[in-house]
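All remarks here apply to the structure that follows.
The values are calculated or read from the model by the stated rules, or taken from the named source; none is laboratory data. What you see is a predicted model, and the numbers here were worked out from it, not measured in a lab. Virtual Cβ from ideal backbone geometry, glycine too; neighbours counted across all protein chains shown.
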Amino acid sequence: MKTKEEIVKEISEVLVDEFECDASKVSADARLYEDLDLDSIDAVDLVVRLQQQTGIKVEAEDFKSIRTLGDVAEAIGRLLAEQSK
């Protein structure tokens with residue numbers, strides 16, 4: 001199973017490559033909307049990209065309380081752990 005740090009690294013690469021986020025601003029503590037300038041459409045695109053990369057189904061409910069990149073990594077880690085059971 002992947003660690004939170006590994007998941008953060010993978011998501012960071014997607015944010016820099018696909019969403020043109022400034023790599024110097026991308027960290028586990030980075031707030032998606034305020035620090036990385038993502039909007040709601042970007043957030044949906046990110047969820048779709050993560051579903052493609054991980055092969056897991058992500059529900060909107062899973063992302064309601066997400067504010068930071070670390071929150072995204074924790075949610076993905078939790079979903080991956082549930083899937084492997």
Provide a single number: the residues in the stretch 49-85 that are in contact (Cβ under 8 Å) with a residue 40 or more places away in the chain, aliphatic (A, V, I, L, M) and over 18 Å from Asp17 (Cα atoms). 3
Positions within the stretch 23-65 being over 20 Å from Lys4 (Cβ atoms) and basic (Lys, Arg), in sequence order: Lys57
Take the residues in the stretch 1-39 that are closer than 16 Å to Asp71 by Cβ and hydroxyl-bearing (Ser, Thr, Tyr); name whichever of them is modelled with the lowest pLDDT. Thr3
In the stretch 20-30, what count of residues is obtained for those that are without any contact (Cβ under 8 Å) to a residue 40 or more places away in the chain and surrounded by fewer than 16 Cβ atoms within 10 Å (Cβ to Cβ)? 5
Here, helices (runs of 4 or more DSSP H) confined to the chain with at least 3 residues that are among the small types (Gly, Ala, Ser) are 69-83
Within the stretch 34-48, how many residues are exposed (fewer than 14 other Cβ atoms within 10 Å of the Cβ) and of a type in the set (A, V, I, L, M)? 3
Go through (1) surrounded by 12 or more Cβ atoms within 10 Å (Cβ to Cβ); (2) modelled with pLDDT of 90 or more; (3) out of contact with any helix residue (DSSP H, G or I) (no Cβ under 9 Å at 6 or more places or on another chain) one by one and return the number of the condition Gln51 breaks. (2)
